[in-house]
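Note sheet for the following structure.
We did not get these values from a lab; they are worked out from the coordinates using the rules stated. Keep in mind it's a predicted model, so treat the numbers as computed, not measured. Cβ placement follows ideal geometry from the backbone for every residue including glycine, while neighbour counts extend to all protein chains displayed.
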Amino acid sequence: MAERNRLDNDNGDKILSPEATGLVITAEPSPNLFPISNQEKNHQHDTEEGREQEEQHQAGSSGSTSTPPVHSIFTPAQRRYIVASIAWAALFSPVSANIYLPALNTLAQELSVSISMMNLTVTSYMIFQGLSPMFMGDLADTAGRRPAVLLCFLIYIAANIGLALQSNYAALLVLRCVQATGSSPTIALAAGVVADIATSAQRGTYMGWVIAGALLGPAIGPVIGGLLAQYLGWRAIFWFLVIFAAAFLVQFAVLFPETGRNIVGNGSYPPQKWNISVITYLKTRKAARQNAGDAIDNSQDTVETAAPAAAEVPKRPKLRFPNPIKALTILREKDTLIALVANAVMFAAFYNMNIAITFLFHEIYGYNDFQIGLCYIPIGVGACVGSIANGFILDYNYRRIAKKLGVSVSRDKQQDLRHFPIERARLQIVFPLVFLSICAVVSFGWVLHFRVSVAAPLVLLCISGATLTSAVNTVSTLLVDLHPGRAATVTASNNLVRCLFGAGATAVISPMIDGLGVGWCFTLIAFVMAATAPVMLVVIRFGPKWREERRVKAEALEVRSAGQAQ
């Protein structure tokens with residue numbers, strides 16, 4: 001019974017539940033963001049009771065005597081809001097990178113600099129896009145998700161105001177770096193939030209929505225940027241980003257709860273006083289006033305009731321300056337490194353196609369900047385639809401393998417993956433996606449080589465967008481599964497490696513097309529993808545062994561640290 005009254009956070013710490021401490025909860029620590037009627041509450045109670053009885057029956061039939069703790073106390077409505085909000089946040093990094101491109105020629109003329117110097121602002125943005133999440137990811141894993149997101153958007157809004165007001169190249173270059181510092185960590189932070197609220201059985205769907213939000217940027221960014229630059233001037237681009245970010249920041253500060261498991265556990269414990277949302281603060285004050293009135297009316301009962309023992313809360317690490325080295329130490333893990341490299345190769349292929357659209361469609365079809373911006377819509381739509389669909393497929397494959405192994409799946413309780421082949425459950429989906437991507441990439445190169453109708457490359461862009469991003473989403477979900485307690489940090493590592501490969505792809509794509517021709521260039525890219533894909537079989541084969549070695553090593557380190565503390 002004692003084991004049932006304890007919760008495990010991602011660091012392995014034991015947390016007493018309210019039932020174990022004898023505390024009577026008079027106000028919910030994480031209040032509902034959406035009102036629930038009494039009828040809905042009764043229906044929810046009956047449904048949950050029936051589900052619990054079914055799970056207990058399954059556990060009893062398998063010989064298990066303990067029930068794992070609920071992974072997250074957030075309601076389905078709250079989880080939908082959390083995922084939608086954090087997917088909105090993840091949209092800012094790709095939008096900021098792409099919305100700026102149609103205005104490069106105009107800015108070069110106004111600031112009296114060359115196009116090569118303007119391209120340097122794109123390169124510097126990508127460098128900071130890879131470095132910044134290393135700091136913010138560690139901050140989010142220690143101080144909480146809310147402080148990291150709030151800090152990012154304060155930096156981002158300030159940078160955009162500066163960009164809208166600046167009038168010289170040096171300021172543009174520096175402020176673009178600051179802009180990347182504020183926007184780029186949002187994808188890593190979004191992955192951390194998903195790991196907080198979603199079990200492995202439902203993580204694929206949630207990650208699909210988050211990645212879809214991030215991939216919407218390349219589709220809408222150039223279109224919005226082209227319209228604003230053409231009709232309102234290039235400064236309107238940055239004022240638009242200020243307004244867009246401010247709208248997000250207001251709703252985030254008011255509604256978004258802290259989800260970091262080392263801060264609030266599964267949501268049962270309140271965060272630091274400075275880290276609560278506005279709506280939680282108001283509801284807490286209201287509950288406190290009601291409790292004060294009840295205490296006066298029932299003073300005799302209060303006197304006779306012994307004060308309960310204090311509840312044990314999650315071990316919260318001390319606030320410190322973020323350590324970017326943590327994101328690099330993850331690269332020492334063999335399974336993680338292989339997955340990161342394979343993921344980066346697919347991302348680089350996706351980025352090569354995005355970059356090639358700009359100059360190839362201008363050269364072959366004579367399109368202007370606004371028309372080129374419209375050509376990004378198919379690849380963006382394909383990426384969004386593919387990412388969402390892939391999320392459902394990931395969860396389906398997880399349940400399929402669990403059923404085949406006789407493992408009971410719960411969407412509300414995180415299962416012990418120690419003896420579950422999570423690598424196989426995720427990566428089985430990658431290989432058909434990579435095969436379809438290779439076919440689409442090769443075909444894209446050769447239809448441009450033969451200068452066929454623009455409809456053909458646009459269709460292939462949509463297909464490659466769907467397949468490549470689905471493959472990237474699959475590997476990204478596996479990385480979070482391998483490091484659930486450090487989801488933001490491992491996603492920062494993923495972002496770093498992808499940006500390095502993406503920067504390299506940006507640098508070589510134009511010389512490759514000039515030297516090989518567009519057809520053979522994309523054939524070579526497809527060959528690299530085909531050569532990289534089989535290494536993921538190594539992760540399927542040896543990943544469980546490496547994961548167990550990592551777990552044993554972490555437990556030994558924890559025991560040694562506890563002994564030194566005593």
Global geometry of region 336-399, whether rounded, prolate or oblate, following the gyration tensor of its Cα atoms and the 1.5 cut on a/c | oblate
Protection-proxy order for peptides 107-119, 502-514, 181-193, each taking the mean of Cβ atoms within 10 Å per residue, highest first | 181-193, 502-514, 107-119
When only Cα pairs under 8 Å and 6 or more residues apart are kept, what is the percent relative contact order across region 151-284?
-> 26 percent
Peptide ranges 79-87, 250-258 listed from the most packed, as the mean C-beta count within 10 angstrom indicates = 79-87, 250-258
With a 10 Å radius around each residue's Cβ, average the other Cβ atoms per peptide and rank 431-439, 204-212, highest first.
-> 204-212, 431-439
